[in-house]
Amino acid sequence: MENSQGKIDKSILQEERVIDWSLILKKINLALGNDIYESWIKNINLKKEYNHYVILSTPTRFMRDWVVSRYVDKILDILKVYKKSIERIEFIIDEKSQKINQDKFQTYYPTNINTNNNVTSIENSLLNYNRLDPKKNFENFIVGESNNLAFTAAKKVCDKKLNYNPLFIYGGVGMGKTHLLNSIGLKMKENSNIMFISAERFMYHFIKSLKNNEMVKFKDFFRNADFFIIDDIQFVRGKEVMQEEFFHTFNALMDKGSQLVISSDRSPTNLDRIQDRIKSRLSGGLVVDIQPSDYDLRLNIIKSKFLEIQNTFPDTLNLSDEVLKFLSSEIRASVREIIGVLNRILAFSRIYKKSPNIYECKLILKDIIGTNNNQISIENIQKVVAQHFNISLNEMLSARRSRSLVRPRQIAMYLSKKYTTKSLPDIGRNFSGRDHTTVIHAVKTVDKLMHKDNDILQSIDLIKKKFLKVY
């Protein structure tokens, strides 16, 4: 910028220290959640601060690319709250800490991949987290009435006796979809070129290739598999360019004669913000679902997991058949949560050096059993909250941000998180497709308000009584 004498105002180019980076980090933690913060944000440092932009450092190029593709807009929004003149963020790689951090990544996510196992690796990536897990195989998948069809279809795909392409497996969170997909990959890796990847990871590599002008390599890389296994396809929603590329990848693999195996948390027809032609393609093979587990399946899962724990830790105290049957009867959530409940019971037994009885199990699990979580739906919570605040359901789910609607909406999100087994993305989708970070913010906001605003606390208590009485 020039002044009236045509000279550049040097103050624009000078460092101007206004931003407290430690405070920014705290705000980012609140906005994005602790998991994202610990994995991606914590090691970002503020290097330079100018009038209109800041320079941040990351330990690795991979971390920089990931943050830029996912979180940079949110970071910029938070920075602008404290310094409105900030217009952009630039990143540099901190060479001093780069090697240390790479070593850390390699400890947990080794890049030395055995080239004999035929599982396609993600080239030049430190975070190859979606490799096949040898512990998730057909032999230790517990089969029951609710998942037998999906299990049989997965086995037949491996035996090449299933003439349906793609195989589409859907079901709720923690029902065993990823276990089945992983089992297929393990079974077929001996004689086939396997690509096993999450939809989220596929999106990341697409964005990275687009930015680096490497789309030809991307296409060659992802269209070379005999078995293309993609997990959680629901996360491809929205982004049109991404959906376009996925559609063409899908077609290329089908034309090549490759087998596609896909999982989702819902059926193809119920996928939101997905192109109709993709839904049609996904529905064109065999679509099978995994239903919530019945009593017999839950009992077999608990017994199998308990035996596995006893074999690993011989000093584990025994649990009576009565307790195992009680857990199977009372806990009707996902398979993952059933195992989590078992771990809580075993933690009690280790701490107190005794096997709990049913009464003690009820005390340990009172937050789950007492509220009858599994029968409470997000829809019922939304209706009760809307009635309590005398607003319509459509108003509460709308995009309007008036205080009279925002607070009820946040309370409904908070109660949905507390009293249902739905994931954060699932809850967001039930609130007119909002992002999971919005749900995180709502939960934290309401939690804080309950500690200092007695009116909010009383309202929530009244609402809870209303929707709990229904059951």
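The values are calculated or read from the model by the stated rules, or taken from the named source; none is laboratory data. On a predicted model such as this, the values are computed, not experimentally measured, just so you know. A quick note on method: Cβ atoms are made from the backbone with ideal geometry, for glycine too, and the neighbour counts reach across all protein chains shown.
Some observations on this one:
- Being without any contact (Cβ under 8 Å) to a residue 40 or more places away in the chain, of a type outside the set (A, V, I, L, M) and assigned to a helix (DSSP H, G or I) holds for only one residue in 277, 298, and it is 277.
Residues checked against (1) exposed (fewer than 13 other Cβ atoms within 10 Å of the Cβ); (2) touching a residue at least 24 places away in the same chain (Cβ under 8 Å):
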residue	(1), (2)
329	yes, yes
346	no, yes
351	yes, no
384	no, yes
399	yes, yes
417	no, yes
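- Total residues in the stretch 131-153, condition of a type outside the set (Ser, Thr, Tyr) and in a loop (DSSP other than H, G, I, E, B): 13
- Against the numbered list (1) part of a helix (DSSP H, G or I); (2) crowded, with 16+ Cβ neighbours inside 10 Å, residue 220 comes up short only at (2).
- Residue within the stretch 353-376 that is surrounded by 17 or more Cβ atoms within 10 Å (Cβ to Cβ) and under 16 Å from residue 434 (Cα atoms) present: no
- Qualifying residue in the stretch 204-211 (condition: in a strand (DSSP E or B), closer than 25 Å to residue 173 by Cα and not aromatic (Phe, Trp, Tyr)): no
- Some residue of the stretch 248-261 being in the same structural domain as residue 193 (by TED's automatic domain parsing), modelled with pLDDT of 85 or more and in contact with a Pro (Cβ under 7 Å, 6 or more places away or on another chain): yes
Residues checked against (1) within 21 Å of residue 306 (Cβ to Cβ); (2) part of a loop (DSSP other than H, G, I, E, B):
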position	(1), (2)
341	yes, no
344	yes, no
347	yes, no
356	yes, yes
363	yes, no
385	no, no
421	no, yes
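- Across the stretch 331-344, the qualifying residues are those that are over 11 Å from residue 361 (Cβ atoms) and crowded, with 20+ Cβ neighbours inside 10 Å, and the one among them that is modelled with the highest pLDDT is 338.
- Residue match in the stretch 19-39 (condition: in the same structural domain as residue 66 (by TED's automatic domain parsing), modelled with pLDDT of 85 or more, surrounded by 11 or more Cβ atoms within 10 Å (Cβ to Cβ) and among the acidic types (Asp, Glu)): yes
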